[in-house]
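Let me begin by presenting the structure, written as structure tokens, before commenting on it.
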Amino acid sequence: MIDQLEASLNFSQQALSLRHERQKVLASNIANADTPGYKARDMDFGAELARATRQGGAGAGGGLSLARTDGGHMAGQGMPSPRGELLYRVPDQPSLDGNTVDMDRERTAFADNSVRYQASLTLLNSRIQGLKKAMQPE
């Protein structure tokens, strides 16, 4: 039963982890908007999520291993960082100093990713609350 519960929440865990990583990448782009020669980066969220789910979850992805101090503990691993699969953005209008950060695009992507992260958290929370209600006696 625990395996089924873990499998049902695995997709949400992976989606939230990837949204978090993308938020860090977008924040880095915004922070380096005035850095000469900085190349804006981003990830293809859909492709990364498909890759993570295809690999069968966090365990197969080479993430950080969690220590098990008892045989009854569930095995767990963190999500691997998608930093190796980051893509460079093609600028609409390149700047003279070689910086490819478009602040309007970065702010829009940052806000969109934030809203999607919050929506994912809300959905996951309601799912967990439903599971808790189903497990409690009446």
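Using the Cβ-Cβ distance between residue 30 and residue 133 with R0 set to 30 Å, the FRET efficiency works out to roughly 0.15. Local charge sum around residue 94 (other residues, Cβ-Cβ under 13 Å, Lys/Arg +1, Asp/Glu -1)? Summing Lys and Arg as +1 and Asp and Glu as -1 gives -1. Annotation: peptides 90-97, 48-55, ranked by per-residue average of other Cβ atoms within 10 Å with the highest first, follow the order 48-55, 90-97. Protection proxy ranking for 32-41, 114-123, using the average of other Cβ atoms within 10 Å per residue and placing the highest first: 32-41, 114-123.
Read-outs: derived from the displayed coordinates by stated rules, not from any lab. Keep in mind that what you see is a predicted model, and the values were worked out from it rather than measured. Positions of Cβ are backbone-derived with ideal geometry, glycine not excepted, and every protein chain shown enters the neighbour counts.
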